[in-house]
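Accompanying notes for the structure given below.
The values are calculated or read from the model by the stated rules, or taken from the named source; none is laboratory data. Keep in mind it's a predicted model, so treat the numbers as computed, not measured. Cβ placement follows ideal geometry from the backbone for every residue including glycine, while neighbour counts extend to all protein chains displayed. Note: accessible area is taken over every heavy atom of the protein model, side chains too, but ligands, DNA and RNA are not part of it. Shrake-Rupley method; radii C 1.70, N 1.55, O 1.52, S 1.80 Å.
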Amino acid sequence: MLSCAVAEDSVRLVVFLGAPGSGKGTQAKRLAISNPKIVHFSTGDSLREAIKKATLLGIEAKAYVERGQLVPDGTMIRLIESELEALKQVDTVVLDGFPRTVAQAEALEQSPTTRVTKVYYFKLSHSILVERLSGRRLCSNCSEPYHVQFFPPKVAGQCDKCGGKLIQRNDDKGDVIETRLAVYESQTATLLEYYGQSNRLITIDASRTPETIHDELARWLM
Ligand code: AMP
């Protein structure tokens with residue numbers, strides 16, 4: 001467990017909350033590129049990397065990630081604790097994919113070196129989420145995101161930026177998409193109430209263009 005009492009110079013944490021496919025990762029990456037004071041941390045990326053390297057964390061997380069289920073809270077809290085320890089000199093960390101349960105949110109609240117200042121909720125309808133997730137492709141080399149219909153690469157199957165091969169995440173396929181959305185509704189959506197109670201929640205209309213959303217977030221996070 002992370003321990004109590006918040007220090008004056010604590011790291012500012014900004015949480016991006018929303019269902020899978022709502023655009024949190026895309027926006028967090030853009031913000032980190034456009035503002036050197038901002039670091040993006042994605043628990044999903046971190047777990048995928050651990051699975052690829054077959055570390056102890058990866059071996060433990062693999063089956064949960066493949067099924068679209070949440071990795072147990074204890075494991076995720078230990079992961080975030082060690083990541084935030086390494087980022088303690090940073091001004092602002094955008095958390096993409098954490099917290100996903102009330103237990104994870106409570107662990108963050110107890111950290112002495114960080115404080116959650118704002119939570120941006122990426123609001124999007126179920127049908128658009130399914131459409132976005134099922135058409136999503138990622139560069140296997142640099143992770144640049146594409147969409148087969150809404151944002152295709154110039155050359156089919158190939159990343160515009162580095163020429164890497166585009167792949168579809170296994171959990172962006174078939175039934176796993178529905179499982180992930182159901183898990184979001186049953187375990188994560190309750191965080192809207194949790195953060196709403198402390199006046200830190202800002203709702204973002206995630207159906208707009210990535211450029212419009214980026215401009216709005218960049219203004220908020222100046
Ligand atoms: P994401 O890339 O954020 O959609 O995460 C991919 C998968 O990683 C999720 O479906 C979960 O299996 C796992 N995961 C990521 N973040 C968390 C978290 N905070 N708690 C539990 N599982 C997580």
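Suppose a student asked you for the relative contact order of region 112-181, using Cα pairs under 8 Å spaced at least 6 residues apart; what percent would you report? Before the final figure, lay out each step's value.
Working: 66 pairs, mean separation 20.2, N = 70.
Over region 112-181, the number comes to 29 percent.
How big is the gap, in Å, between the Cα center of region 170-222 and the Cα center of region 11-26?
The two parts, judged by their Cα centres, are 6 Å apart.
For helix 43-53, report the angle its Cα long axis makes with the longest principal axis of the Cα atoms of the chain; keep it between 0 and 90° and round to the nearest 10°.
Compared with the principal axis, the helix lies near 60 degrees.
Using DSSP to define loop residues, name the chymotrypsin sites (Phe, Trp or Tyr not before Pro) in region 127-222 whose beta-carbon has at most 14 other beta-carbon atoms within 10 Å. If you can, show how the numbers build up before the last one.
On the way: sites: Tyr146, Phe150, Tyr184, Tyr194, Tyr195, Trp220; in loops: Phe150.
Filter output for region 127-222: Phe150.
Treating the beta-carbon of each Lys and Arg as +1 and of each Asp and Glu as -1, no other charges, what is the dipole magnitude of region 38-166 about its Cα centre, to the nearest 20 debye? Display every interim value, and only then the final one.
Working: 17 positive and 15 negative charges, 105 e Å.
The dipole of region 38-166 has a size of about 500 debye.
If you count only protein heavy atoms with a 1.4 Å probe, what accessible area per residue comes out for the chain, rounded to a whole Å²? Spell out each step's value before the answer.
Working: 11430 Å² over 222 residues.
That works out to 51 Å² for each residue.
Over the chain, with a single point scatterer placed on each C-alpha, what log10 of the ratio I(q)/I(0) does the Debye formula yield at q = 0.08, 0.16, 0.17 1/Å?
Listed by q, the Debye log ratios stand at -0.27, -1.22, -1.39.
Could you sort the peptides 109-115, 81-87 by per-residue average Cβ neighbour count (10 Å cutoff), highest mean leading?
Values: 109-115: 17.0, 81-87: 14.6.
Those peptides, ordered most packed to least, come out 109-115, 81-87.
With everything on Cα atoms, drop me the angle between helix 210-220 and the longest principal axis of the chain, reported from 0 to 90° to the nearest 10.
10 degrees
Round to a whole number: what % of the accessible area of the chain belongs to carbon and sulfur, probe 1.4 Å? Can you show the working numbers first?
Numbers: 6040 of 11430 Å².
Solvent-exposed carbon and sulfur of the chain make up 53 percent of the total.
Between region 30-76 and region 119-156, what's the alpha-carbon centroid distance in Å?
When both Cα centres are located, 18 Å separates them.
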